[in-house]
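The values are calculated or read from the model by the stated rules, or taken from the named source; none is laboratory data. Because the structure is a prediction, the values reported are computed rather than measured. Because the Cβ atoms are built from the backbone with ideal geometry, glycine has one as well, and the counts that use them run over all protein chains shown. Remember, those area values only see protein heavy atoms, side chains included, never the ligands or the DNA or RNA. Shrake-Rupley method; radii C 1.70, N 1.55, O 1.52, S 1.80 Å.
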Amino acid sequence: MRLARVVGAVWGARHASGLDGAKLLTVESSNGGRVTAIDRLGAGVGDRVLVAHGTRVRDLTVGETVALKDVIVAIVDGVDDAEGDGVDEAGA
């Protein structure tokens, strides 16, 4: 899993079966890497999210018929760092 920020949405006139009710979002991790992930939680641009990767998480969350393996599994409100100091969305 990785922590990332939503930087945009992917739009299309048609989509594969299994994507009904879901959004495709481009997320960027702290190292600058970008992937497109499926979202059924309602995340939006600017939100910090937790992204899981793999067929097992995909099968358990959005179904095995979905072609993507990157799934947004949480919209993050805050993060505690290793020293236990809370870092909220504004400070992150």
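Test Asp80 against the criterion of being touching a Lys or Arg at 6+ places or on another chain (Cβ under 9 Å), of a type in the set (Asp, Glu) and modelled with pLDDT of 80 or more, and give yes or no. Spelling it out, it is not the case that Asp80 is touching a Lys or Arg at 6+ places or on another chain (Cβ under 9 Å), of a type in the set (Asp, Glu) and modelled with pLDDT of 80 or more. When the residues of segment 5-28 are filtered to those that are of a type in the set (Gly, Ala, Ser) and over 14 Å from Asp47 (Cβ atoms), the one that is surrounded by the fewest Cβ atoms within 10 Å (Cβ to Cβ) is Ala13. Restricting segment 29-39 to residues that are small (Gly, Ala, Ser) and loosely packed, with under 12 Cβ neighbours inside 10 Å, the residue that is nearest to Val76 (Cα to Cα) is Ser30.
Just one of the numbered conditions (1) open to solvent by less than 60 Å² (accessible area, probe 1.4 Å); (2) modelled with pLDDT of 80 or more is not true of Arg56: (1). Of the residues making up segment 1-38, those that are of a type outside the set (A, V, I, L, M) and either in a loop (DSSP other than H, G, I, E, B) or in contact (Cβ under 8 Å) with a residue 60 or more places away in the chain (or both) are Trp11, Gly12, Arg14, His15, Ser17, Gly18, Asp20, Gly21, Ser30, Asn31, Gly32, Gly33.
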